[in-house]
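Read the figures in this text as sums done on the coordinates, not as results from a lab. Nothing here was measured: the structure is a model prediction, and the numbers come from that model. As a convention, Cβ positions derive from the backbone with ideal geometry for all residues, glycine included, and neighbour counts pool all protein chains shown.
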Amino acid sequence: MDNNLDSVVTTIIEQFKARSIKGKVKYGVDLDRTDLDLVEWIEHAKQEHMDAILYLEKIKQTISGKEKNI
């Protein structure tokens, strides 16, 4: 790894590498795939961002003490 990078950047790079390997094993494809058109890539990104918003709301509720226990 490049010694000029800070530890946070290095950690994220390693996480990206691990995620890439995991995705290839799980789905049998990677981001070099060519079977999706631009609209499908946008939909994938949209779904991922929607999940991220849900996770952020959960964290916010938890740290603010307003977690809903149903």
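For this structure, a couple of remarks:
- Annotation: residue 25 fulfils all but one of (1) part of a helix (DSSP H, G or I); (2) among the β-branched types (Val, Ile, Thr); (3) surrounded by 10 or more Cβ atoms within 10 Å (Cβ to Cβ); the unmet one is (3).
- Extreme residue, farthest from the chain's Cα centre (by Cα), among residues of the stretch 61-70 that are exposed (fewer than 10 other Cβ atoms within 10 Å of the Cβ) and in a helix (DSSP H, G or I): 64
- Every residue from the stretch 1-22 that is among the polar types (S, T, N, Q) and loosely packed, with under 10 Cβ neighbours inside 10 Å: 3, 4, 7
- Of all residues in the stretch 32-60, those satisfying the criterion of being assigned to a loop (DSSP other than H, G, I, E, B) and surrounded by 10 or more Cβ atoms within 10 Å (Cβ to Cβ) are 33, 36.
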